[in-house]
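Taken together, the values in this text are just the output of simple stated rules run on the coordinates, not laboratory data. Computed from a predicted model, the values in this text were never measured in an experiment. Every residue, glycine as well, gets a Cβ built from its backbone with ideal geometry; the counts of neighbours run over all protein chains shown.
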Amino acid sequence: MAKKILIAEDSATMRYLIMSTISALGNYEIIEAANGFEALRILPREKVDLVITDINMPDINGLELVSFIKSNPNYKSTPLFIISTEGSERDREKGIQLGADAYLVKPFSPEELQTLVKRFLT
Amino acid sequence: MADQTSSRAIKDFLGEAEEILEKLNLDLVTLGDGIESGEGSPDLLNSIFRGAHSFKGLSGMFGFDDISELSHHMENLLDSLRLGKVPLSAALIETLFEVLEVLTRLVHGKGESEDFTFDVTPQIDQINRHLKGDGSDRDRLLASYRIDPDILKVLTEYEEHRLLDNIKKGRNLLRVKANLSLATFDQELAAITELLKKEGEVISTLPSAGDIPDHIGFQLLVGTTISPAQLAAQLQDDNIVVDSLAASAHAASTGRPGTTASAVATAVSAPAVSGEVSASAAEPARIEASEEAAASLRSISRTVRVDIDKLDALMNIVGELVLSKGAIVSLTERFKNEGQNELTMELQKATRVLERRLEDLQKGVMEVRMVPVAQLFDKMVRIVRRVSSERGKKVTLDIRGADTELDKLIVEDLSDPLMHIIRNSIDHGIEAVEERLAAGKSEKGTICLWASQKGNHVVLEVHDDGRGIDPERVRRKAVEQGLITKDAEISQEDVYNLIFRPGFSTSEAVTELSGRGVGMDVVKNNISALSGMIEIDSKVAIGTSISITLPITLAIIKALIVSVSGRTYAIPINSVLETLMVDAGTIHTIERREVIELRETTLPLLRIADAFGLGAETKAANQRLFVVVVGLAEKKMGVVVDELLGQQDVVIKSLGSTLAFVRGISGAADLGNQKTILVLDVGGLMGEVLRGESSFYV
């Protein structure tokens, strides 16, 4: 069965880019969440194998999502990447402290993302 | 990721980038308005920052270095602004507007060619000047208050700043806990947040796994002036628990440096301490969990962006289908006339079903093309802001009916004429502050921009409370420009007509704006091209009002097919009020114009045969005439024709630029039987008639 990847990101274009980059790797089922709330709703419903979240989202921020996932026994072991932007080192640092497994800094290359996905999902 | 971007991704980028820039522009206007009243709202500032942040991230992904470089600097400036490192000032807002303008130009440029670029260092330098003198004692301040380190752990840098700001203001820090159902938590949370916002600021919203299945827990960190008990009373819900995290008495008044702080210091660079505050909770934050934010997000995930060309292609196909249907309908009619039998009955039934379905399809495609005029009005907000500041005038824009819908293409084509009208209003209409005060008017001028739907038409009105159009001045200018003779007598109507004449301008000096060489004649032509009508009314010292009446859509219309002197024309049915058969004897002449009495009003007539010079032999010969009463807005007119041939759906096509000069015709239509006929431009014809010109070819 194809592995499931949850992408929480409020920019549709970013989601599309991430999706097409991952799809190039092989058969993954990609679930899109346009905000943190959607992600919260998807998590108990789907057995997700990897979460990729943006830090800057309008309802709850990515750090809050990381804290939620990594402090919950059900999701704790799910690998999680955060996507941050140049200049937000402190927020990224906090994400790692909260348990994020890896981070990407925009703009990132397709290879960076693909390497990470491969590392955690194979 | 630039190397793998497909053209679809680029298009997506352009769409999203434009959207973000539009939103930023609007938010900046609001922020600018708030300067006088003190600092901008944290929500607004944060929303602007977020916009800039997404924009930067997006442009970086596409390898547009110029855009991402400039937006990176803009983001820095906004970040410093929201973190309170630089003060909000009019100059700073100006800089931000300029940066947005440049970014918009770059984005549009990339739309034409991905290699498009220009130098953005002047703007970057400008931003850096604002950023200089950034001496923040934020960390020192944060360290001197006693806050649970767990709280700081999930706060973004911005949220830390908000937390600090609340403590500085001596507010109570409260924690609100709620267990909400997984199915409805977003609405419930939005309702709670709404209530909390009335009492203070929601600094953070942290989700946590609930103990109850299918539920999710939330902890909200709130800065407020009221006590936990008071807040609980406000919330009126036993399932929501409110407790105190740090009371203002402890936090603000003692302000002593935390002694154990350094020992507990986490990876967070701001040192923090667990003091007498017992509750420890990790509270991160997002400020805008409001209903509005939730709604707009939903729309992001449920909306598809479509190229207008694709919709046009779809509309064309529907148009062709409508014509094919017309052919089938007329075939069915012929069968019916040749004798009723079972087969013709069946055919008739099937045709009727086809007709209905086709109508649904047509309606559906039409609806997709409809967009609220808000898109257009938003642009005008910016124009007003910019032009009024350039001209040193104070202007408020009063917008109403922004949700009125119009065909996307019409909205696009309205942009330039509307912009010109509004510029004119500010340039020539609204007086300078001193002049307004001297005239006993309020300091700020008002421009109203109203839209409303009236039947099949949309009316846009632009009123200003400026100095109005001075007939004497118009007259003088018209004489100077040789449009009228020195001693010609002109009526109020004539004054307005002169304004629409090509080349007419009253501006004494050529300003940057009027220097563009666009006159009201161009505005009028643009509106006519959209089958619309424009009217002016003005009172000296009171103001000018311009109203534009437009059809809701242009694509497929029902038309009344008429014949005049052996030629066939189409009249858009949406402007037809009724048709009459009159006796030639009932036509009177008033002031050399033909009129008839229609239910106690006088209806001016236009004979198409005369207007188009088709030969007058029909006039005398025909004792009975058909009059098609057409109306736009409040005006009515009768069009005299020889015969009414019936109603039909037609697809209007433009005549092209070579024939654009032909007056009275708005386009050509195909009748479905390979016959092409001309469509009358009702708005244009009415304008001519009401102005008293009965023939176009003199």
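With only Lys, Arg, Asp and Glu charged, each at its Cβ (+1 for the first two, -1 for the last two), find how big the charge dipole of the range B:556-691 is about the Cα centre; round to the nearest 20 debye.
In total the dipole reaches around 240 debye.
The residues packed around residue B:66, meaning those with a beta-carbon under 13 Å from its beta-carbon, carry a net charge of -2 if Lys and Arg are +1 and Asp and Glu are -1.
I'd like the FRET efficiency for residue B:597 and residue B:558, computed as 1/(1 + (r/R0)^6) with the beta carbon distance as r and R0 of 35 Å, rounded to 0.05. Present the calculation step by step, with values, prior to reporting the outcome.
Numbers: r = 29 Å, r/R0 = 0.82.
Once rounded, the FRET efficiency stands at 0.75.
Under 28 Å of direct C-alpha separation, and excluding same-chain neighbours fewer than eight residues apart, residue B:153 reaches these lysines: A:47, A:70, A:76, A:94, A:106, B:56, B:85, B:168, B:169, B:177, B:197, B:198. Stretching residue B:115 away from residue B:237 to a fully extended chain increases their span by 38.1 nm, per 0.36 nm per residue minus the current alpha-carbon distance.
Here the calculated FRET efficiency for residue B:675 and residue B:403, from their Cβ-Cβ distance with R0 = 51 Å, stands at 0.80, rounded to the nearest 0.05. Here the simple spin-label model places points 7 Å from the Cα toward Cβ, and for residue A:25 and residue B:320 these points are separated by 4.5 nm. Less than 5 angstrom separates the built amide H of residue B:594 from those of B:605, all sequence-distant by 5 or more or on a different chain. Taking other Cβ atoms within 10 Å as a rough exposure proxy, B:212, B:203, B:35 sort from fewest to most as B:212, B:35, B:203. Applied to the range B:186-198, the Karplus parametrisation 6.51 cos²θ - 1.76 cosθ + 1.60 on θ = phi - 60° returns per-residue 3J(HN,Hα) values of 5, 5, 4, 5, 4, 5, 5, 4, 4, 5, 4, 5, 5 Hz, with x for Gly and Pro.
What shape does the range A:71-122 take by its C-alpha gyration tensor, where a ≥ b ≥ c are the square roots of the eigenvalues and a/c under 1.5 counts as rounded, a/b above b/c as prolate, and the rest as oblate? Walk me through the numbers on the way to the answer.
Values: a/c = 3.39, a/b = 1.13, b/c = 3.00.
Since a/c reaches 1.5 but b/c is at least a/b, the shape of the range A:71-122 is classed as oblate.
Taking other residues whose beta carbon is less than 11 angstrom from the beta carbon of residue B:243, and scoring Lys, Arg as +1 and Asp, Glu as -1, yields +2. Here, the range A:3-121 has an Rg and a Dmax of 12.8, 35 Å when only alpha carbons are counted.
Counting helices only, and only those DSSP H runs with n ≥ 4, report the 222 nm mean residue ellipticity of chain A as the sum of -39,500 (n - 2.57) divided by its residues, in deg cm²/dmol to the nearest 500. Display every interim value, and only then the final one.
Values: 5 runs with 52 residues, N = 122.
Here the helix-only value at 222 nm equals -12500 deg cm²/dmol.
Find out how many positive minus negative residues lie around residue A:30, taking Lys and Arg as positive, Asp and Glu as negative, among other residues whose Cβ is under 13 Å from that of residue A:30. If you can, show how the numbers build up before the last one.
On the way: positive: A:3, A:4, A:15; negative: A:9, A:29, A:32, A:46, A:49.
Net charge in that neighbourhood comes out at -2.
Only residues of the range B:518-553 count here: report those whose backbone N is under 13 Å from the spot 7 Å along Cα→Cβ of residue B:308, or say none. B:530, by backbone N distance to the label point. The range B:404-427 and the range B:168-188 have Cα centres lying 44 Å from one another.
Any idea what log10 I(q)/I(0) is at q = 0.18, 0.22 Å⁻¹ for the range B:2-131, Debye with uniform C-alpha scatterers and no solvent? Reported log10 I(q)/I(0), two decimals: -0.92, -1.30. For the range B:345-361, putting each phi into the Karplus relation 6.51 cos²θ - 1.76 cosθ + 1.60 with θ = phi - 60° gives couplings of 4, 4, 4, 4, 4, 4, 5, 5, 4, 4, 4, 5, 4, 5, 4, 4, 4 Hz, in residue order, rounded to whole numbers and with x for Gly and Pro. When B:404, B:658 are sorted by how many other C-beta atoms sit within 10 angstrom of their C-beta, beginning with the fewest, the order is B:658, B:404.
Given a Förster distance of 22 Å, report the FRET efficiency between residue B:179 and residue A:45 from their Cβ-Cβ distance, rounded to the nearest 0.05. Please list the in-between numbers first.
On the way: r = 18 Å, r/R0 = 0.84.
Once the sixth-power term is evaluated, E becomes 0.75.
Between the amide H of residue A:3 and those of A:29, distances stay under 5 Å, these residues lying 5 or more places away or on another chain, with hydrogens modeled in the peptide plane.
Taking a straight Cα-Cα cut-off under 26 Å and skipping sequence neighbours fewer than 8 places away in the same chain, the lysines within cross-link reach of residue B:539 are B:393, B:394, B:441, B:444, B:454, B:477, B:486, B:524, B:635, B:636.
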